[in-house]
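Student: Sharing a structure here in structure tokens format.
The values are calculated or read from the model by the stated rules, or taken from the named source; none is laboratory data. Being a predicted model, the structure only gives us computed values, none of them experimental. Counting neighbours? That spans all protein chains shown, and the Cβs are built from the backbone with ideal geometry, glycine included.
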Amino acid sequence: MQFDVLTLFPEIFDICKHSILEKAQEKDLININVVNIRDFSENKHKKVDDTPYGGGAGMIMMPDVVYKAYESVKTDKAKVIYMSPQGKLLNQKKVEELSKQEHLILLCGHYEGIDQRVLDKIVDEEISIGDYVLTGGELPAMVLIDTVSRYVDGVLTKNSIEEESFSQGLLEYPQYTRPEIFENMAVPEILLSGHHENIEKWRKEKSLEITYKKRPDLLKNYKLSKQEKEILEKLKMKCQKNEGTAQEMKEGGKF
Ligand code: 4GX
């Protein structure tokens, strides 16, 4: 999968040269090409921004420079994404959908944004990573590359995506490793039993419990199996008995 990033701060993307993204690039599963928009300024001072028409604070990135940067990487198959708080919120479903694209061009705005005309001309989709304001689109573009790359064939082992409960709509169960006792706390006994069926059942229960307690909203979009419904009913009963957690559950839990 090809990622081209258009940015005024290419160094930020050095983060991609580590860990899983580094290995994915070495294996040619993904390619991350970072383009410095400033290289396309024909101005003798390499100017890339100017004051807004109509007045107001800050600087706006000029359309012609951004357009030239885009033209240097565009292909017929490319999808252009503009990272912006006005975009549709990124979620795991969107991530999976984007991973099916061959070529993404990610446009990162800085300052007060980019001249609307070039956005109208080249952007296919506007995406936000959350309802807060950042100083630029670079971190959002990194988040998008990171999450989408995990879905590209060969980047992760097959199991790690399948087992991941979030992609199935639930939160993860807790994990443990050596030592067996840490600060007087033992690893749950069942995990030492070697009984795979019971371990699976325990993990499913924990996933459901954690989702119910921490993010009950996720359960609204999750189709519960008969067995899962039973587990959840038991959980609810347990919580009603326990006054302390009951309040916590009442606040969030509707299903
Ligand atoms: N999820 N930002 C874009 C530049 C900008 C300024 C004004 C339009 C108007 C963000 C987010 C985000 C900050 C990236 C502002 N664009 N991007 N940048 N949240 O906050 O994606």
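Student: How many residues, within segment 88-116, are modelled with pLDDT of 95 or more and either buried (at least 17 other Cβ atoms within 10 Å of the Cβ) or of a type in the set (Asp, Glu) (or both)?
Tutor: 16
Student: What's the total number of residues in segment 147-160 that are outside any loop (DSSP other than H, G, I, E, B) and surrounded by 14 or more Cβ atoms within 10 Å (Cβ to Cβ)? Break it down into steps so the answer makes sense when it comes.
Tutor: Quick first cut of segment 147-160, residues outside any loop (DSSP other than H, G, I, E, B) only: 147-149, 158-160.
Applying the additional criterion that residues be surrounded by 14 or more Cβ atoms within 10 Å (Cβ to Cβ) yields 147-149.
So the count comes out to 3.
Student: Of the residues 92, 116, 101, which single one is under 25 Å from residue 53 (Cα atoms) and more than 7 Å from the ligand (Cβ to nearest atom)? Show your work before the answer.
Tutor: Details: 92 fails: under 25 Å from residue 53 (Cα atoms); 101 fails: under 25 Å from residue 53 (Cα atoms).
Answer to the check: 116.
Student: Could you list, in sequence order, all residues of segment 154-168 that are more than 15 Å from residue 21 (Cβ to Cβ) and not polar (S, T, N, Q)?
Tutor: Of everything in segment 154-168, those that are more than 15 Å from residue 21 (Cβ to Cβ) and not polar (S, T, N, Q) turn out to be 158, 161, 162, 163, 164, 166.
Student: Just checking, does segment 43-52 include any residue being among the aliphatic types (A, V, I, L, M), farther than 18 Å from residue 142 by Cβ, within 14 Å of the ligand (Cβ to nearest atom) and loosely packed, with under 11 Cβ neighbours inside 10 Å?
Tutor: Step one: filter segment 43-52 for residues among the aliphatic types (A, V, I, L, M), giving 48.
Of the ones still in play, those that are also farther than 18 Å from residue 142 by Cβ are 48.
Remaining after also requiring within 14 Å of the ligand (Cβ to nearest atom): 48.
Imposing the further condition that a residue be loosely packed, with under 11 Cβ neighbours inside 10 Å reduces the set to none.
No: segment 43-52 contains no residue that is among the aliphatic types (A, V, I, L, M), farther than 18 Å from residue 142 by Cβ, within 14 Å of the ligand (Cβ to nearest atom) and loosely packed, with under 11 Cβ neighbours inside 10 Å.
Student: Which condition from (1) more than 16 Å from the ligand (Cβ to nearest atom); (2) surrounded by 18 or more Cβ atoms within 10 Å (Cβ to Cβ) is the one that residue 82 breaks?
Tutor: Result: residue 82 passes all but (1).
Student: Residues of segment 91-146 being under 19 Å from residue 21 (Cβ atoms), aliphatic (A, V, I, L, M) and assigned to a helix (DSSP H, G or I), which ones?
Tutor: 95, 98, 139, 141, 142, 143, 144, 145
Student: Residue 57 versus (1) within 24 Å of residue 143 (Cα to Cα); (2) surrounded by fewer than 18 Cβ atoms within 10 Å (Cβ to Cβ); (3) within 14 Å of the ligand (Cβ to nearest atom); (4) without any contact (Cβ under 8 Å) to a residue 60 or more places away in the chain: which is the lone unmet condition?
Tutor: Residue 57 satisfies all of (1) within 24 Å of residue 143 (Cα to Cα); (2) surrounded by fewer than 18 Cβ atoms within 10 Å (Cβ to Cβ); (3) within 14 Å of the ligand (Cβ to nearest atom); (4) without any contact (Cβ under 8 Å) to a residue 60 or more places away in the chain except (1).
Student: Could you list all residues from segment 190-219 that are over 20 Å from residue 234 (Cβ atoms) and either surrounded by fewer than 12 Cβ atoms within 10 Å (Cβ to Cβ) or under 28 Å from the mean Cα position of the chain (by Cα) (or both)?
Tutor: 193, 194, 196, 217
Student: Now for a separate question. Looking at 219, 170 in this structure, which one is part of a helix (DSSP H, G or I) and touching a Phe, Trp or Tyr at 6+ places or on another chain (Cβ under 7 Å)? Lay out the reasoning, then the answer.
Tutor: Details: 170 fails: part of a helix (DSSP H, G or I).
Criteria check complete, one pass: 219.
Student: Among the residues of segment 30-46, count how many are under 30 Å from the mean Cα position of the chain (by Cα), without any contact (Cβ under 8 Å) to a residue 40 or more places away in the chain and not in a strand (DSSP E or B). Walk me through how you get there before you give the answer.
Tutor: Our first condition is that a residue be under 30 Å from the mean Cα position of the chain (by Cα); within segment 30-46, this holds for 30-40.
Keeping just the survivors that are without any contact (Cβ under 8 Å) to a residue 40 or more places away in the chain gives 31, 34-40.
Subset that is not in a strand (DSSP E or B): 37-40.
Result for segment 30-46: 4.
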